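FYI, it's all coordinate maths here, none of it is from the lab. Predicted, not measured: the structure shown is a model, and the values here were computed from it. Glycine also receives a Cβ, built like all others from the backbone with ideal geometry; neighbour counts cover every protein chain displayed.
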Amino acid sequence: MRLRLVPEQTSFDFFSRWKLWLGLSAVLMLVAFGSFMVRGLSYGIDFRGGTTIRTESTTAVDIGVYRDAITPLGLGDVVISEVFDPGFRDDQHVAMVRIQAQDEQESINADTIQSVEVALQSVLPDIKFVSVESVGPKVSGELVQTAVLAVVLAIGAVLIYIWLRFEWQFALGAVVALVHDVLLTIGIFSELQIKFDLAIIAALLTIVGYSLNDTVVVFDRVRENLRKYKKMPLKDILNLSINETLSRTLMTSVTTLLALIALFVLGGDVIRGFVFAMIWGVIVGTYSSIFVASAILLYLGVKRDWSKPDNTTGNQFANVDA
Amino acid sequence: MLHFDLWKRVLIWALCGVGLLLALPNTFYTRVEQSNDARSVIESGMTTPELEAQAAKWPGFLPSSLVNLGLDLRGGAHLLAEVQVADVYESRMQAMWPEIRDVLRPERATIGTIRLQPSAPNALRIRISKPENMDRALELVRGLSRPIQSLSGTGSSDITVRGDSSDIIVTLSDAEKLASDDRTVKQALEIVRRRIDEVGTREPTIQRQGTDRILIQVPGIGSAAELKAIIGTTAQLTFRPVVGRGSSADDNPGLGNEILPSLDQEGVFYTVETAPVVTGDELVDAQPSFDQNGRPAVSFRFDTTGARKFGDYTRDNIGSPFAIVLDDEVISAPVIQSYIPGGSGIITGNFSVEESTNLAVLLRAGALPAGLEFLEERTIGPELGADSIEAGKVATGVAFAGVLVFMFLSYGLFGLFANIALILNIAMIFGMLSLIGATLTLPGIAGIVLTVGMAVDANVLIFERIREELKTAKGPARAIDLGYEKALSAILDANITTFITAVILFAIGSGPVRGFAITLGLGLLTSVFTAIYVTRLLIVMWFERRRPKTIEV
């Protein structure tokens, strides 16, 4: 007996309403972008400077007490939040204190951190500061730049690679799907106000990689079928290719999700945001490789004459002897 | 057909074997770590029976490289410091003044009297009383410039000299500034390294980042503040003649002098000469010690030139006070009692034992050429790191088990082959991480977990393809062959694109992001290897033995 996620032979029509799906994706992208513009991201200190202190104490966290201790110091915007994790011991109560970057200070002032620690210790003698992180505004500005650069470079590199390996229509389809995935991920982070830090950029780039992985597998089959069925309409070829690879698409998504969900539940709160971004990305990425990347391909049309593969042999791995 | 040359088979198993062997030390992490520590101590010349026993905990013929744990897993402090390279310009310009004075003085007849004017700290402004002969003065000062050797700046000199009505303005040239910045950062890096080595923490990372930054990571240290106390101090020690003592910082010190506060006496200020008699650069040794009253102090010794200058000065100035200045604060200003010929002495002040020990370390390691400003600091407690490792282990284990079971249920025997490949894959990732001495961070663990999920992708592609080919092809051997052949381009394309993003992440990311890029990138390499070669070899070996008429994938 074998576990089968999808029947052996499927013939779903993925493109009966492809304009609707494309429209829906466009609307979702607009909503995500709107949310980003209106609500903005909840940036971590990596991107806006400041200090976060992670505290641990054996008594339950009372945010009011923390606030009363810190407010007299006059440090401006201070955010205090309790952290929950199923992995914590019963007497392990964790809170995060975030202090904004102090005005006109390029570097970090040790006195600020010390004064907060002393103030908290005076109300909660057993409190421990398990991690203290400070980023000056100068560095955080640069981190934003490199992060944006990383995402743009990654997408650009991929665009060129797929263009070389396939055709420009494929490259464009793949890149629109990527932008779709990145935008929707940013959108959900701004909508749920989850902390957006450097690790999330790594997650975004992985999503880019994963989503591409999926898209490329479908495209590879499309290319193969284009050579095989020279007369078949493009829509049918796309449908056939997606159906043929559907089993693999779902298998891979399920194994990846399985691994990520284990990490989400058991991996601790420090990387939960990061893992959440990836889970979301896997789901969105799987969706987009069918309903965005392939739909764009259908919209743009492709070169149908693949009869002279010699033009592209330099780009093929056909002669790789495995 | 299904054919594998013998040498390929041997090579594949050999690579897997090497991977497993390299990964092996990580399963006995603490034991190997202790053994490695003990070995390095023994190598440095010391040995005790305990050390020998510790070293013997791990056999010497086995590989002993371990995956470094990042600060987020092990705890420690991380600092990003910016070297204030412009600090150096000021002292460079000050040092030029006597030279310029000496070259202009003999020409007083043509250019008139010369006088130093107040100016920006990185420039010298000299007024001459006969501005009509400015050209001659500029020519003389330009004569002092030295050519600098650099790749781009050949033919340029180290200073620029221009006239501004009756003033001569001397500044460092842009090329010299660049060269000076580079030297300053290199020196600062060296000093920081020496200071941290003096304190003796294990495996610190001290790297230059960009043009003027230094990244310092020290595992196991309690807090970034502690680290800053050691490396943040400039520790520029100077011995200077005292002109006077007062109680205000705002008095006019007079040209060539400056007013400095006392280190431990509130409200006491000393007027001292700007030019030092001897500096900390001329020290050869500094040790914590105690003065005759049993209070903590630091004893020091000068090198030959320093000793001579110090000796001459003490001989000529018996009865005058003499300031010992550390980073623009006067530690003490004792009166010279007698001629001190030997070039050694003792610094007393209100030190604690710890302060005197630290000061001795700083003086021994040398002064930083310029100040450091800290742009980023992170302290991660060891408990948090331990919790993260624990959570990471459990999550990886569960993820791993889940994927193994799922693959077996989906593909049966072939799933089992894929699972063997997956286990080898993880071992090889750890093996390679150990080999290249990479650092495992928390996002790095996530990268491995993601690899677990995605590594099966290549096998899934192949198996699905074999299933398809079984429907049409003639016989199982042909189907397997075709399955591998046709899945190859999709596997390579998919993995190369992901690899591109991993490379970009590695190139421009830093810290934890880089750790993630490394595990993701290595994971892709090993997973393509295991999927294309290892599972295939397993299938071929099974096929050769059984010769099944039909197969079920």
Exercise. Could you state the angle between the C-alpha long axis of helix A:234-266 and the longest principal axis of the C-alpha atoms of chain A, as a value from 0 to 90 degrees rounded to the nearest 10?
Key: 20 degrees
Quiz item: Taking a quarter of the surface of the Cα convex hull of segment B:237-343, what do you get in nm²?
Solution: 7.0 nm²
Quiz item: Between segment A:210-245 and segment B:185-241, what's the alpha-carbon centroid distance in Å?
Solution: 58 Å
Exercise. Hand me the trypsin sites (Lys or Arg not before Pro) from segment B:446-553 located in a DSSP loop with no more than 12 other Cβ atoms within 10 Å, in residue order please.
Key: B:Lys474, B:Lys549
Quiz item: So how far, in whole Å, is the C-alpha centre of segment B:89-105 from the one of segment B:1-73?
Solution: 59 Å
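For chain B, what's the relative contact order in percent, using C-alpha pairs closer than 8 Å and at least 6 residues apart? Mind dumping the intermediate values first?
Values: 969 pairs, mean separation 96.7, N = 553.
Relative contact order here is 17 percent.
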Quiz item: Which longest run of chain A has no exposed loop site in it, a site being chymotrypsin sites (Phe, Trp or Tyr not before Pro) in a DSSP loop with at most 12 other beta carbons within 10 Å, and the site itself not part of the run?
Solution: A:85-228
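Let me know the longest stretch in chain B that avoids all GluC sites (Glu not before Pro) found in a DSSP loop with at most 15 other C-beta atoms within 10 Å. Walk me through the intermediate numbers first.
Details: sites that count: B:Glu266, B:Glu552.
The answer is B:267-551.
Which loop GluC sites (Glu not before Pro) in segment A:5-91, with loop taken from DSSP, have no more than 13 other Cβ atoms within 10 angstrom of their Cβ?
Working: sites: A:Glu8, A:Glu56, A:Glu82; in loops: A:Glu8.
Qualifying residues, ordered by number: A:Glu8.
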Quiz item: Rounded if a/c is under 1.5, else prolate if a/b beats b/c, else oblate: with a ≥ b ≥ c from the C-alpha gyration tensor eigenvalues square-rooted, which is segment B:120-261?
Solution: oblate
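List the trypsin sites (Lys or Arg not before Pro) within segment A:57-134 that fall in a DSSP loop (any state other than H, G, I, E or B) and whose Cβ has at most 13 other Cβ atoms within 10 Å. The partial results should precede the final answer.
Working: sites: A:Arg67, A:Arg89, A:Arg98, A:Lys128; in loops: A:Arg89.
Here the sparse-neighbourhood loop sites are A:Arg89.
Please tell me the relative contact order of segment B:1-158 in percent, rounded to the nearest whole number, where contacts are Cα pairs under 8 Å and at least six residues apart. Present the calculation step by step, with values, prior to reporting the outcome.
Numbers: 119 pairs, mean separation 20.3, N = 158.
This gives 13 percent for segment B:1-158.
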Practice problem: Rank A:Asp197, A:Asp91, A:Asp214 by mean-square fluctuation in a GNM of chain A with C-alpha springs under 10 angstrom and give only the top-ranked residue. | Solution: A:Asp91
Quiz item: By the scheme Lys and Arg +1, Asp and Glu -1, what is the net charge of all other residues having a beta-carbon under 10 Å from that of A:Leu298?
Solution: +2
